[in-house]
Amino acid sequence: MFSMKALKKVVSLFIAAAMITSSFAFTASVSAAETTDVAVSSDSAIQSEVKDGVMLHAFNWSYNSIKENLPAIAAAGYTTVQTSPVQQAKDYGTSNDVAGQWWKLYQPVSMAIAQKSWLGSKDDLKSLCAEADKYGIKIICDIVSNHMGNEVETDPNSLSEQVKTYQPDFYTNKSSYFHPDAGSAGDGSIKSVVQGHVSACPDLNTGNTNVQNAVISLLKECIDCGVDGFRFDAAKHIETPDDGSYASNYWPNITSAAESYYKQKTGGNLYIYGEILNTCGSGRSYSSYTKHINVTDNRTGDAVLAAVSKGNASTAAKSDYKSGVSASNAVLWAESHDTFEGESGSAGIVNTAGVSDENVIKAWSIVASRKDSTALYFARPGAALMGEAATDTAYKSTAVSEVNKFHNLFVGQSEKLGSSDGVAYVARGTSGIVLANCTGTTKSVSISGTGIADGSYVDTITGNKFTVSGGVLTGSIGSTGVAVVYNGTTTPKNTCTVESGTFKGETMTVELGLENATSGTYCLDNSTPVTYTGKTTIRIGSDYKYGETINLTLTATDGAKTTTATYKYTKKEAASSGVYIFFDSSKISSWKAPFNVYIYDEDTSSTTTYKNTSWPGQAMQVDPATGYYYVEVSSNSCIAEDNTTKDGTESNYDLAHSSNTYVVISDSNGHQHPADGARTKLKLGGSSKILTGRSTSGWNTTTLVPSAGTPVEATDVTKGTVPTTTAPVPTTTAPVPTTTAPPVGTMIYGDVNGDGFVRVKDATAIQKHSVGLELIPDKYLVLADLNSDGTINIIDATMIQKYLVGDSGSGLAGQPYAPATEPDTTVATEPETTATVPETTAIVPETTEAIETTVATEPETTNPPLSKDYYLFGCINGANYGCEEDYENLGDYKFVDGKVTVNFDQTSYVGVKTPDNEWFMTDGWQGAVTEVTLYNASGLGVTADKLMIPAGESVLTLVENADGTLTLSYELISEPVTTPTEATQATEPETTNPPLSKDYYLFGYINGADYGCEEDYENLGDYKFVNGKVTVNFDQTSYVGVKTPDNEWFMTDGWQGPVTEVTLYNASGLGVTADKLMVPAGESVLTLVENADGTLTLSYELIS
C-alpha cells in the first residue's frame, strides 16, 4: 500500500562508512555487488521452498541491480527476493528520487509487465530469474490488483488517462471493471473494507470475470519469465468467498490458475502471500484468506520493534501471533516499506524511518528466528535512487546474515521464547539460540531455562564462545547487540568503507578491513592480487579515465573458508565549489557515525526545491588532519524537485552559493540537527561552515579546507602494476628557513596580523602563507608556529580553528608569547600544495578565550541516586531536544546523582523524561520561579507545560517525591556570554533622515525566532529606527511589524508578501486581520515614515 501524505523529514539510516580521499565528492549509485564462492552460498543453507526461508524486499531495485547483487544476497542467506510492483506505473518518467516516485509503482495503469519502468524491462526480469536459479534463489513479484492509478489525486472516480494507452479494455469498460466510489476504505463494515477506495484510487471490481482473467494473465506472464511467487498489495481490500453480498471467487480462481500453471511449468510449489494490515476489518476473518494464501502479521513484528526500541525484552519475546493465524501462514517483518516510507506502523511507531538500524537488526533477530513463519527483511534505500540497490547495507551485515543462516538451519525445530535481564531470546530445539540485548549492545549474559543442552557453542557473528552448564547459558554478546549461538563457525568477510557507486576526482581512497578472517587480498580488474592483514588503505583511480568503471575485487579467508566481494566505482570529473560543511562529531558525543548532510533550497523558487540528494543526504567523510567530518557542496549538480508532483530531475543549480541554502546534519540512529519542525535553521550563506554543537553558537563560518595538501598515506593501486605504499609527497618546493625578528609588545600565539585577537582571519593568513599566496610579516612568524615544530603549515591553521570552537588540540593558540633570552628566530615555512583558500566572511568574538559550547556536564556534588534514569527535554537553546518519543533521542542532559549542569545560551523551556517514555511536566507554564513540581504528563492533559530557564550556566537538581511527583529546581551559576555577530546585529545606517516623533522598533518573527514580541519595554530588542532607518541582515525569510516603548503596535491589514512597501496601522484597530510584512533573506535597509493620518509607511530595500 502507499500514502500520498507528505511525510516529515525523518532520518533514514545511511550505512556508508566515511571515506578518506583527496578533493572528491561521492554519490552512491549502484550498491556493492558483494560476491562469494559457491561453497559459502551453500553454507548459507538456502531453502528450496520460499515458506521455509527468509525474504529480502529489494525495494525499488531494478532487476539488473538485484542480478548484480545475487552473490551477496545468497551469501547473506536469503532464499527469496521480492521485487517492487511489476506493472506499468502511473506517471513514469526520468525522475528517479525515491520520495517522489516510489508510490507510483503502487498506482499501476496496466495488468501486464511494465513497458517502461525504473525496474527495467521484461527481458531484464527473465534474465534475473535465470541468474537467480543458479544460486537457488526464488524471485517473487509484487502485484497490485485492488486498484489502479487515478487521474486526479483526490478523485477516486477519475481513472488515469494512461490506462487508455497501457490497458485500453479497462478504460473502455471502466463502468463495469471498477466499483463506484464507496468512500474511503475502512474497517467499519465489509463494504467499506472491500469496496472503499485506497488513497483515492479507483477500486477494481475484482469479482468481474474479465478483471480476474487479466490478473491471471499477468501472473502467467510473470511465471513465464521465471517468477516463483507473488505478493498481493492491499489483499485485505479484495473480497473473499465469505464476504456475503460482497463476496466473489477472486482468490480461489486466481490462485488455483496460477498454482496449476506454475506446477505445469516447473513441477514446484508457487508461493503467494497477501498484505493485511492490522485487522481484516469488521465481520471478517483471516481464515477466509489463509484457505488460499499466506498473510502478513504486521502487528507481531511491529510490537517486537517497538519493544526493542523501548528496551523492553519481555514484550519483545512474547510468542503469540497478534493476527491469530498459524505460524506457517504468517509473514513477519521488523519493518516494511509502508512503515518506513509511510505511516502504517502499529504498536506506537507509525513511521520507522527514525528507528536505528541497530534496533531493526535486533528486532529482525527475533522475528526471523521464529519457527515456521516466513520473515521479510526490508532493505532500506539509504541514498539510493529509483532502480538502484540500497546504499544502506544492513541487509547484508554479518548480524543479519548469521540470523538468516540460523533460520535456515533450524527449520522444523521447536522454539522457546523468553527474556532475562534485558535480553530477549529465541531458542530452537536444544542446540541453537538467538539473543538480542534490548538495552544496549555488548553484554555478558547468564541465562537459565533456555532448554539448550549442556555443552560449548559459538556466536557466529563474533566467534565468542558460549557455554551451557547445568542448564545455565553464559557468554558475551558482541557490539551488534545480537548473538547467534549454535555449533557453527564464523564466516570470513572483507569490509570496505566505500560502497559501489560514482566518485568525483582523480583518485579515491578506500580503507579495507577484515572480519572473522586472518588475511585478505585486493586487486583492480586484471591486476595481481595483493595480500593484506588487519586494515589497509588503498588509493585507486589514477590510471582510469573519466567515465570508466573500476572493479575492485576483495577476498577474505580464515584458512578454511574464502569469500569474495566485488565493488564497482565509476570515475567522474569533479567541479570544485570551495564551499564545505564540517562537523565536529566529538561535540555531540551521543551521535553515532556514519553522518549525513541534507542540503536544500526551498525559498528561491515557489515551485521547486533544490536539494543535494534524497533524505538523509550525502555521506560525510573524515578529514584526517582535523578528525572532522565534511562534504563539499556542489555548485553545478543537484536535484530539482517539483513541489507539487514531487518529481525530481537533475539540475545545475548552484546550491553552494545560493543565499537560500540550508543544511540538516543527521547520524545513523535517526538524530538530526536542526530537529524536524524546529524554527532554528542552519543557513549556508555561500561560505564554508562548521557545526560544533546544537546551540545557536555552534554553527559558524570557517576557512577550513579538507587536507588536500596532506594526502593520506595509502597504497597506490593501478590496473597493471605492483602497488607500492607511499607516504604523502608534497608537489611544491621544500621548506625554506626564514629569519624572523621577535614580535614587539605584548603578543599572543595565533595573532599573526598584530590586531591583538586570535580570529578566523589569522587561520586564513596562515593558510595563504603556507601556499605562498600572501606572506606573514617576519615579526609575526613565530606566533604562527603553534605546535613548535619549526614549520608553518595547515596544521597551525587547523589549531586556530580548534581554538575558536573550544576544541582540544589547539596547541599554543591564545597563549601569551614569552620570548626566550636568546630566541630561535629561524622558522621554516612549509609550503602546501597550491589550493584555493576561500575568503572568510565570519565575524568571531574579539576575545582570546575559546567560544563556550553547550554541553551537559556531571556536577561534582553527589546526591543519593534516583530510582531510574531521568533526562532533560524541551525547547533547549532554540531547538526541540529529546522530544521524540523513542529511547535513542533522550539526549545528553542526563541527571547524575540528581543533578545536571547545562549552559543555556538562550532562554529555554524544559521538562523531564525517562527511557521508558514517562514524561514529567509542569501543570501550566512556569516562568519566573526557580523550583517547580513536575507531574506525570499522562495525567495532565492540555495543561502539561514546562519550566522556563533563563540564559546562562545553571545547575539543575531533581528530587523524587513520595507521591510520584518530581521536584525540579535550578541555580544560575554564571551569566551568559554574549557573542554579537554581524548576522544578528542591526546597525545604524549612514544616511540621515529627519527624526521620527518617537522611538520605533522592529518586531516579529525574525531570523527564525519571535523577536521583541513580548508586551514590555525591556524586550523591544536592538532593531531601533534611527533617523527613520535601520539596516538588518535577515539570514532567512522574516515577518515584521513596528512597535513603540509605549506598547503601540503597528501592523499590516492582512498578510503582505512579495511587496517592498506597506502601510502599517495601529493594531488595536485591526483586530484579527493584524499581520506583518514578509522580508526576504539578505541584508536590507528598512525605512519608516510617519503619515499625517497616524499610520506609518514601512519599506525595505534589499542591498545584498
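Here, each number is a calculation from the coordinates, and none is a lab measurement. Values in this document were obtained by computation on a predicted structure and should not be read as measured data. So basically every Cβ, Gly included, is an ideal-geometry build from the backbone, and we count neighbours across all protein chains shown.
Work out the P(r) tail for the stretch 204-279: percent of alpha carbon pairs separated by more than 20 Å, whole number.
Pairs farther apart than 20 Å: 31 percent.
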*Among 61, 1049, 118, rank each residue by its count of other Cβ atoms within 10 Å, from fewest to most, as a rough exposure measure.*
1049, 118, 61
*Please pull out the direction-averaged projected area of the stretch 118-220, using the convex hull of its alpha-carbon atoms, in nm² to one decimal place.*
8.2
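Residues with beta-carbon under 11 Å from that of residue 161, excluding residue 161: net charge, scoring Lys, Arg +1 and Asp, Glu -1?
Overall, the nearby charge balance is 0.
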*Set the Förster distance to 35 Å, then compute FRET efficiency between residue 593 and residue 1037 from the Cβ-Cβ distance, nearest 0.05.*
0.55
*Pairs to check: 689/779; 236/318; 568/611; 1029/1076; 67/568. Give those whose C-alpha atoms are more than 20 Å from each other in this structure.*
689/779; 236/318; 568/611
*Compute the Kirkwood hydrodynamic radius of the stretch 382-505, taking the inverse of the mean of 1/r over all pairs of distinct Cα atoms, and give it in Å to one decimal.*
15.8
*So what J values fall out for the stretch 904-920 if you push phi through Karplus, 6.51 cos²θ - 1.76 cosθ + 1.60 with θ = phi - 60°, rounded to Hz, Gly and Pro as x?*
8, 8, 7, 4, 10, 9, 10, x, 9, 9, 10, x, 8, 6, 8, 10, 10
*Taking Rh as the Kirkwood radius, which is the inverse of the mean 1/r over Cα pairs, what is the Rg/Rh value for the stretch 583-690?*
0.97
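Once fully extended, how much extra length lies between residue 897 and residue 175, figured as 0.36 nm per residue of separation less the alpha-carbon to alpha-carbon distance?
252.8 nm
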*Quick one: compute a quarter of the convex hull surface over the Cα atoms of the stretch 1001-1102 and quote it in nm².*
5.9
*Within the stretch 583-609, find all residues whose amide N lies under 17 Å from a label point positioned 7 Å from the Cα of residue 652 along Cα-to-beta-carbon.*
none
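By how many nm would the segment from residue 184 to residue 918 lengthen if fully extended, with 0.36 nm per residue of separation less the alpha-carbon distance?
Here the segment from residue 184 to residue 918 would lengthen by 260.7 nm.
Applying 1/(1 + (r/R0)^6) with R0 = 60 Å to the Cβ-Cβ distance of residue 49 and residue 907, what FRET efficiency is obtained, to the nearest 0.05?
0.40
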*For peptides 642-651, 389-398, sequence by mean Cβ density within 10 Å, most packed first*: 389-398, 642-651
*asked:* Suppose each label sits 7 Å from its Cα in the direction of the beta carbon; what would the residue 1061-residue 411 distance come out to in nanometres?
replied: 8.1
*What is the calculated FRET efficiency for residue 527 to residue 221, with r their C-beta to C-beta distance and R₀ = 60 Å, to the nearest 0.05?*
0.85
*When the Karplus curve 6.51 cos²θ - 1.76 cosθ + 1.60 is applied with θ = phi - 60°, which whole-Hz ³J(HN,Hα) does each residue of the stretch 636-641 get, with x for Gly and Pro?*
8, 8, 6, 9, 9, 9
*So how many Å³ per residue does the convex hull of the Cα atoms of the stretch 417-486 work out to?*
63
*Residue separation times 0.36 nm, minus the C-alpha to C-alpha distance between residue 779 and residue 213: what's the value?*
194.8 nm
*Quick one: net charge of residue 621's neighbours, Cβ under 15 Å, K/R +1, D/E -1?*
-4
*the stretch 321-335 - phi-based ³J(HN,Hα) in whole Hz, Karplus 6.51/-1.76/1.60, Gly and Pro as x*: 9, 4, 6, x, 6, 6, 4, 5, 9, 9, 10, 10, 8, 8, 7
*asked:* Starting from the 7 Å offset along Cα-to-Cβ, what nm value, one decimal, do you get for the label separation of residue 1101 and residue 133?
replied: 7.8
